[in-house]
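Asker: Just dropping this structure here.
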Amino acid sequence: MLNSIVKQEFPLNKVELIIVDDGSKDNTLKIVQEFLKENSERFYRVELIVHDKNYGVSKARNDGIKTSRGRYILILDHDVILSRETIRSLLEYLERTPQKIAAVKPLLINEEGSFLSRWAEQILSNRLVKTNDITACALVRREVIEEIGYYDETLGPPYTIYEDIEYGARALSKGYEIHVLGWLKIRHLTRYKKVRRDTLHHSNFLTRLRTILRSLASSSYRYALRKYLSSAPLSYKFRWGLYSIISPVLIISLITFIFGTNIPLITLLILVFILYLDVLKQYWNPKIPHISLAYSSIALAWRIIRGTTLLIPLKTWHSK
């Protein structure tokens, strides 16, 4: 990642480089220090922040943001390899678009991604699309950060998830948009996901399914999902309310049907179809309709499953 920064087709003497080491236990800090020794003079300003322990990705990002001074802030994760034109292209886009565009991102290509991530990449490729997260590699206007605040430090690895979409939800709730430039592609190194997949590969399907469902029912997951929805626009809250009721309504409808009560399922099916069209609108690409249809079906099913977890009471939970 560091080497891809110095290779940018952009004057580095206009860039302040702020690196946050979040309590790494390997040789990361040594690599960073050697890099700065060789390249720090290329940048307008350099800062290295070293945490005494792993406080989580949200605090690391927040500390970097608070130390920065620039008009635009690039949120950049360690597992991202920039293309040479990344910074220039993102900056040029924000400078020529309305202020309502809070942030802009390139399209991340996952090197070890699943077939679903490959489908998503094909759907988004070479298109300008709206998204709901600010993460990995996102150029953000400083005035947006001043308005919506910093990342929620109770969210994000290694404690929970959804710090990225919760942060994006706050921007969307203020009327902003977040864009993805589907023609600007960068590499996303996801080897840790491959390790997890290899581990699960040796277990049977039911074991894998049980592991996934157990994680969805965990307090940390439900806490993160509720936090996200509390920040989301009203339209998002409404959709997720519908997602959450579909499963119990379907079960009740089937039970009453079995016992002879005349409660047709057609109303529920119509609701599911309307929600499917809503998801399809988000992922529709006329060049690959079969992939868009299949991906939207899986996305809707996944949202319904996650939405059902909102019905589980959440006791007090702390991430740290």
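Asker: Just want the answer: with Cβ charges of +1 for Lys and Arg and -1 for Asp and Glu, which residue in 75, 116, 140 is farthest toward the dipole's positive end in the range 37-156?
Answerer: Working it through, the farthest residue towards the positive pole turns out to be 140.
Asker: With a cut-off of 8 Å between alpha carbons and a minimum separation of six or more residues, what is the relative contact order of the chain in percent?
Answerer: Rounded, it is 18 percent for the chain.
Asker: Please compute, for the alpha-carbon atoms of the range 28-76, the extent along each of the three principal axes and give them in descending order in Å.
Answerer: On the principal axes, the range 28-76 reaches 29, 28, 15 Å in Cα extent.
Asker: Ratio of Rg to Rh for the range 2-194, alpha carbon only, Kirkwood?
Answerer: So for the range 2-194, dividing Rg by the Kirkwood Rh gives 0.93.
Asker: To the nearest 500 deg cm²/dmol, what mean residue ellipticity at 222 nm is calculated for the chain from DSSP H runs of n ≥ 4 alone, each contributing -39,500 (n - 2.57), summed and divided by the residues?
Answerer: The helix contribution divided over the chain gives -16500 deg cm²/dmol.
Asker: Using modelled amide H (1.01 Å from N, peptide plane; none on Pro or chain starts), what sits under 5 Å from the amide H of residue 20, excluding residues fewer than 5 places away?
Answerer: Placed amide hydrogens put 49 under 5 Å from residue 20.
Asker: Continuing with the same structure: Size of the range 33-132 along its principal axes in angstrom, Cα-based, largest extent first?
Answerer: On the principal axes, the range 33-132 reaches 40, 34, 26 Å in Cα extent.
Asker: In percent, how large is the relative contact order of the range 202-311, given Cα pairs closer than 8 Å and 6 or more residues apart?
Answerer: Reported relative contact order: 36 percent.
Asker: In whole Hz, with x marking every Gly and Pro, tabulate ³J(HN,Hα) for the range 59-64 from phi via Karplus 6.51 cos²θ - 1.76 cosθ + 1.60, θ = phi - 60°.
Answerer: Per residue, the Karplus-derived 3J(HN,Hα) values read 5, 4, 5, 4, 5, x Hz.
Asker: Taking 29 Å as the cut-off for C-alpha to C-alpha distance, list the pairs among 237/315; 53/130; 66/174 that go past it. Intermediate results must be reported in sequence, preceding the final value.
Answerer: Working: 237/315 21 Å; 53/130 35 Å; 66/174 21 Å.
53/130, as the Cα separations exceed 29 Å there.
Asker: Mind listing the Cα extents of the range 89-157 along all three principal axes, in Å, largest one first?
Answerer: Principal extents (largest minus smallest coordinate, Cα): 38, 35, 16 Å.
Asker: Determine, for 10, 273, the number of other Cβ atoms within 10 Å of each Cβ, and report the residues in order from fewest to most.
Answerer: 273, 10
Asker: Fewest to most neighbouring Cβ within 10 Å: what's the order for 43, 238?
Answerer: 238, 43
Asker: Please compute the net charge surrounding residue 167, taking Lys and Arg as +1 and Asp and Glu as -1 over other residues with Cβ under 10 Å from its Cβ.
Answerer: Cβ neighbours under 10 Å give a net charge of -3.
Asker: In whole Hz, what ³J(HN,Hα) sequence does the range 223-237 give by Karplus (6.51, -1.76, 1.60; θ = phi - 60°), x for Gly and Pro?
Answerer: In residue order, the calculated couplings are 4, 5, 5, 5, 4, 4, 5, 5, 9, 6, x, 4, 4, 5, 4 Hz.
Asker: How large is ³J(HN,Hα) for each residue in the range 212-217, as worked out from phi by the Karplus curve 6.51 cos²θ - 1.76 cosθ + 1.60 (θ = phi - 60°), to whole Hz, x for Gly and Pro?
Answerer: My calculation for the range 212-217 gives 5, 5, 5, 5, 5, 7 Hz in order.
Asker: Across the range 218-260, how large is the tail of the calculated P(r) beyond 13 Å, expressed as a percent of all Cα pairs?
Answerer: The proportion of pairs with Cα distances above 13 Å equals 64 percent.
Asker: Can you list the aspartates and glutamates whose alpha carbon is less than 18 Å from that of residue 185, not counting same-chain residues fewer than 8 positions off?
Answerer: Filter leaves 9, 77, 79, 85, 92, 111, 112, 121, 133.
Asker: Return P(r) of the range 202-311 (all Cα-Cα pairs; 5 Å bins starting at 0; whole %; ordered from short to long distances).
Answerer: All Cα pairs, binned at 5 Å, distribute as 2, 10, 16, 18, 18, 18, 12, 5, 1, 0 percent.
Each value in this text was obtained by applying a stated rule to the coordinates, not by laboratory testing. Just so it is clear, the structure is predicted and the values come from calculations on it, not from any experiment. Cβ: placed from backbone, ideal geometry, glycine included. Neighbour counts: every protein chain shown.
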